[in-house]
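These notes are about the structure you will find just below.
The values are calculated or read from the model by the stated rules, or taken from the named source; none is laboratory data. The structure presented is a predicted model; accordingly, all values stated were derived computationally and were not measured. FYI the Cβ positions are ideal-geometry reconstructions off the backbone, even for glycines, and counts take in every protein chain you see.
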Amino acid sequence: MQKICVVPGDGVGSEVIDSTLNILECLDLPLSFERTVVGIESFEKNGAYLTDDALSLASDCDAILFGALTTPNDRNYVSPLLLLRWNLELFANVRPAKCLNPEFCLSPLDLVIIRENSEGIYGGMERELDDGKIVTERIVSEAGCQRIIDFAFKYAISNSRKKVSCVHKANVLRASDGMFKKLFYGSAVNYAFYNKIKSDDCLVDAAAMYLCKEPDIFDMIVTLNLYGDILSDEAAGLIGGLGFAPSANIGEEHALFEPIHGSAPDIANKDVANPTGSILSAAMMLEYLDMTNKAAVIWDSVKAVYSDKNKWTKDIGGNCGTEEFTWHLRNEINQQAANR
Ligand code: IPM
Ligand code: MG
């Protein structure tokens, strides 16, 4: 029995996690679930957004299933999601953007973005100077770049992808992004020779444009933290919206799975949130736990449900709320499981 730490969070986080657990339950998996509270609710109860107990539970489990958290109006707030990424050294953020039905996608996209998840501008190193200007520091290390580049090429090999594009801003950030690009091509030569994986590179502003205009030129993207954050939301926009985008935060010893959307307090508790991103994140978790057949049942069933317009979620103009969609998906999974 493997142990999953469940962090529903708040806003739509708890709704999409309820739906996801409902789906996992009907797959009859050798998993046990333990819930923990982080974020504003934890701060109100325990005086910390992420308690030591919550962190140690997360690090004791085989994987973490995470919903979403609302950012409070508190100058000292550091997102527990970022704290988990740093403390558990989840250096690689895997963000697939796959179109499930061309009828509601702007592009029939099948792209995977590999985002560096531990460095960049996310360190919170901001300080105010005497004249009121604010300086923000950004860390890009050779080791950090090399491990995300290797992760991306290894992912390409094990998932039969054809090309990895390095996305950067080396024309301006010449030392940091310049090093990232140089290391990328240093590795790309070997992966081209031994594994036939192609490679190229693109400035991040141009990549944002090509993602709209000609997304087919990309197969996989490897990029630095903030660029990956922004481009993955853009890619989600091409496949129906943020509700469709899952992610995996992977480290050497731990892994956390979460939809890429936020807590969307404006639509919380109205039974309208799309749980697909969260459910597909759980499928990525099953792949990570070597339950690839069960993961495939989820991917195939989600696709099958979206092939029927009557089962579409509200964010793409359908009629199904969170619960009704979950109910349709559960039926589909039971049917597929019976036929396998
Ligand atoms: C994401 C989110 C986070 C990020 C926030 C909530 C800190 O936008 O996972 O994409 O910027 O990484
Ligand atoms: Mg984001």
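At-a-glance table
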quantity	calculated
Any hit, region 202-224, residues being within 16 Å of ligand 2 (Cβ to nearest atom) and among the polar types (S, T, N, Q)	yes
Residue in region 85-113 that is nearest to residue 7 (Cα to Cα), counting only those that are under 16 Å from the mean Cα position of the chain (by Cα) and charged (D, E, K, R)	85
Residue 231, sole failed condition from (1) away from ligand 2 (no atom under 16 Å from the Cβ); (2) within 25 Å of residue 139 (Cβ to Cβ)	(1)
Count of region 85-102 residues which are aliphatic (A, V, I, L, M) and either within 15 Å of ligand 2 (Cβ to nearest atom) or at pLDDT below 95 (or both)	3
Complete set of residues in region 67-102 that are free of Cβ contacts under 8 Å to residues at least 40 places away in the same chain and buried (at least 19 other Cβ atoms within 10 Å of the Cβ)	none
Where a residue in region 315-338 is within 16 Å of residue 28 (Cα to Cα) and its partner, wherever it lies, is of a type in the set (D, E, K, R) and assigned to a helix (DSSP H, G or I), with Cβ under 8 Å and at least six apart	336/300
Subset of region 286-314 that is in contact with a Phe, Trp or Tyr (Cβ under 8 Å, 6 or more places away or on another chain) and not in a helix (DSSP H, G or I) - its residue that is nearest to residue 246 (Cα to Cα)	313
Given (1) under 20 Å from residue 140 (Cβ atoms); (2) of a type outside the set (S, T, N, Q); (3) surrounded by fewer than 24 Cβ atoms within 10 Å (Cβ to Cβ), number of the condition residue 212 does not satisfy	(1)
Search result, residues across region 224-247 that are among the small types (Gly, Ala, Ser), touching a Ser or Thr at 6+ places or on another chain (Cβ under 7 Å) and within 12 Å of ligand 1 (Cβ to nearest atom)	245, 247
Residue within region 257-277 that is crowded, with 22+ Cβ neighbours inside 10 Å, β-branched (Val, Ile, Thr) and within 12 Å of the chain's Cα centre (by Cα) present	yes
Residue that is out of contact with any helix residue (DSSP H, G or I) (no Cβ under 7 Å at 6 or more places or on another chain) and loosely packed, with under 14 Cβ neighbours inside 10 Å, where the choices are 144, 186	186
Any hit, region 261-271, residues being touching a Phe, Trp or Tyr at 6+ places or on another chain (Cβ under 8 Å) and either within 14 Å of ligand 1 (Cβ to nearest atom) or basic (Lys, Arg) (or both)	no
Qualifying residues in region 36-71 (those that are in contact with a strand residue (DSSP E or B) (Cβ under 7 Å, 6 or more places away or on another chain) and over 11 Å from residue 9 (Cβ atoms)) - the one nearest to ligand 1 (Cβ to nearest atom)	64
Set 31, 24: member being surrounded by 19 or more Cβ atoms within 10 Å (Cβ to Cβ), more than 19 Å from the chain's Cα centre (by Cα) and either touching a residue at least 40 places away in the same chain (Cβ under 8 Å) or under 21 Å from residue 253 (Cα atoms) (or both)	31
Subset of region 272-296 that is out of contact with any strand residue (DSSP E or B) (no Cβ under 6 Å at 6 or more places or on another chain) and more than 29 Å from residue 1 (Cα to Cα) - its residue that is nearest to ligand 1 (Cβ to nearest atom)	273
Check on residue 266, without any contact (Cβ under 8 Å) to a residue 40 or more places away in the chain, away from ligand 2 (no atom under 16 Å from the Cβ) and charged (D, E, K, R)	yes
Qualifying residues in region 315-340 (those that are in a loop (DSSP other than H, G, I, E, B) and surrounded by 14 or more Cβ atoms within 10 Å (Cβ to Cβ)) - the one nearest to the chain's Cα centre (by Cα)	321
Matching entry among 177, 150 (being closer than 23 Å to residue 226 by Cβ and surrounded by fewer than 20 Cβ atoms within 10 Å (Cβ to Cβ))	150
Filter pass, residue 214 being among the acidic types (Asp, Glu) and touching a residue at least 40 places away in the same chain (Cβ under 8 Å)	no
